[in-house]
Amino acid sequence: MKTRWELANGVDRRWAETLLQDEDGKVVKQSPAKLVTCHHTDRGVFYVKRSRHKTFLFRPFKYWFKDSPGRWEWGAAQAMQALGIPVVRHLALCEIWSTRGLHEDILVTEGFDGKPLHEAGDVDSVQVMDFVEQCHQKGMVHGDLHPANILVHLPSGELRLADLKGVRIEKDPDPAKQMMDLAYLNIHFPMSLPEKLLRLSDQVRRKKMAIRCGRCLKNNREFDSQSHGGRRWWVRKPLLDKGLKALLANPDLALGGDSVLKAGRSSTVGRCDGWVVKRYNLKKPLNVIKDLFRPSKAKRGFRLSYHLELVGLSSPHIAAVAEDRVFGFLLRSFLVMEEIPAAVALGAAADRDGLTARVSKLIGRLHHEGFSHRDLKESNLLIDEQGEPHLIDLDGLSFEEKVASKVAVANLVRLDRGLRGRQVYTRANWIGFIKRYCRETGLRPANLRTRNFE
């Protein structure tokens, strides 16, 4: 192994090496590829960011031909400091090499007594916009400008950039890319942007969430692959308790006797101790071949449910998913989610104040976010004790990025047909529903005209 160091002025290598050996650092972020730790010492607070390339077979080799993430950020920090752009101080860069390539790169930065924008509370958005504009005027294109990458010192209001991965300093920066920085930042830190930028921010947000929902099937801070009862599960770690572990060890406990909510040929649904289990059964022999090339319905539902949660649409929180495969052939799969206490289907709900508005807002936002639901019936909308609607049974749900008005009408016609004759269905309620739905989606009532609503 060969170690290469680069140090900022006044930084002693022996001190930096000692810091890397400190095992008492608090883990800030951890994944198979990255580890970030915070170290409190007598000289102050410091952060150590490790990019662990050796955990991937071929990744170390490619850094013979390109800069590592640590080296890129180190260079960006030096360039930005020279231009007077406020960043956290970068103290040291360490690269560990072998004949295979780069095993690990390590960045050491000085702690800054500030909080990320999304945790700081009441921060003047105009000040933040001015700060970003000043950075842009000096040629910065960030590419990943979210609130966690801007730190604010609350007493003074001083702002600094952190996590400079992917940041570029250009002589003639592309204005469109700089506009994208603001649009991206606006997702989690709303600002008073022009209407054009707000629309761009909404588009960027939807694309980002469509990608981010895939993390539910990866190992990270929230999700993990674990073995329970001899079966491999993807589990949501914050929800994992003794009761859930016992259920995962034998999910069929929730699918027999009085626990059964639905017993069908294609799926069986039951509940147990605050959890709902849905088992997808083998319905058609031909599906055994099809399922070799696609994820199970349980996995698709797991991802879609998390996607709904990310964009703020009400649906039971997913807890775990598993597949029973033999030599790659899918026999059945399981989906576990939280139960909504004392909930009733929309068709059986009483007509209460605000219910129509809340349901129309949910369906309108569902379509606005790019989802369609070909089986949008009243039994797939549960109303909780507070009168809030929740979308369940996502087998008919699909993400299409943009829902055509024809598809939206088909979804609404299905809902209209199922609600006819129910207590909540009145002409006034349906007219109010359509008006609120149009406000949420931006569609005009004329786009929804169809004889099926008559």
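Let's test this: bin the Cα-Cα distances of segment 387-454 at 10 Å from zero up to the farthest pair and state each bin's percent.
With 10 Å bins starting at 0, P(r) equals 15, 52, 31, 1.
Sequence gap at least 6, Cα distance under 8 Å: using those rules, report the relative contact order of segment 335-454 to the nearest whole percent.
Worked out over segment 335-454, it gives 35 percent.
Restricting everything to alpha-carbon atoms, can you work out Rg to Rh for the chain with a Kirkwood hydrodynamic radius?
A ratio of 1.02.
Please go through segment 288-371 and write out the trypsin sites (Lys or Arg not before Pro) that DSSP classes as loop and that have at most 16 other C-beta atoms within 10 Å.
Arg352
Report the gain in length on full extension from Arg265 to Leu7: 0.36 nm times residue separation, minus Cα-Cα distance, nm rounded to one decimal.
Gain on extension, Arg265 to Leu7, equals 86.3 nm.
Work out, step by step, the length gained on full extension between Arg332 and Phe65: first 0.36 nm times the residue separation, then minus their alpha carbon distance; give nm to one decimal.
Length gained between Arg332 and Phe65: 91.6 nm.
Express the Stokes-Einstein translational diffusion coefficient of segment 31-119 in µm² s⁻¹, to the nearest whole number, given a Kirkwood radius over alpha-carbon pairs, 20 °C and a viscosity of 1.002 mPa s.
In µm²/s, the coefficient is 150.
Stretched out fully, how many nm does the piece from Gln21 to Ser98 gain, at 0.36 nm a residue minus the Cα gap?
Net length gain for the segment: 25.7 nm.
So which chymotrypsin sites (Phe, Trp or Tyr not before Pro) in segment 316-357 pass both tests, a DSSP loop state and at most 14 other Cβ atoms within 10 Å of the Cβ?
Phe327
Tally Lys/Arg at +1 and Asp/Glu at -1 over every other residue whose Cβ is under 14 Å from the Cβ of Val141; what's the total?
Taking every other residue near Val141 into account, the sum is -1.
Farthest toward the dipole's positive end in the chain, which of Gly44, Asn447, Leu282, given Cβ charges of +1 (Lys, Arg) and -1 (Asp, Glu) about the Cα centre?
Positive-most Cα among the choices belongs to Leu282.
Between Arg294 and Arg444, what is the spin-label point distance in nm, taking each point 7 Å from the Cα along the Cα→C-beta axis?
Between Arg294 and Arg444, the label points sit 3.7 nm apart.
Using alpha-carbon pairs under 8 Å, 6+ residues apart, how would you state the relative contact order of segment 221-338 in percent?
Over segment 221-338, the number comes to 24 percent.
So which GluC sites (Glu not before Pro) in segment 314-408 end up in coil per DSSP with only 13 or fewer other C-beta atoms within 10 Å?
Answer by residue number: Glu385, Glu400, Glu401.
For segment 221-338, what is the charge dipole size about the Cα centre, in debye to the nearest 20, if Lys and Arg each add +1 at the Cβ and Asp and Glu each add -1 at the Cβ?
That gives a dipole near 500 debye.
Evaluate the relative contact order of the chain (contact order divided by residue number), counting alpha-carbon pairs under 8 angstrom at least 6 apart; express in whole percent.
Result for the chain is 9 percent.
Restricting to DSSP H runs of at least four residues, report the calculated mean residue ellipticity at 222 nm for the chain, -39500 (n - 2.57) per run over all residues, nearest 500 deg cm²/dmol.
-9500 deg cm²/dmol, from helical runs alone.
Give the Rg/Rh ratio for segment 166-211, taking Rg as the radius of gyration of the Cα atoms and Rh as the Kirkwood radius, to two decimals.
Expressed as Rg/Rh, it is 1.00.
Since every read-out is calculated from the coordinates, none of them should be taken as a lab result. Please read these numbers as outputs of a predicted model, since none were measured by experiment. Counting neighbours? That spans all protein chains shown, and the Cβs are built from the backbone with ideal geometry, glycine included.
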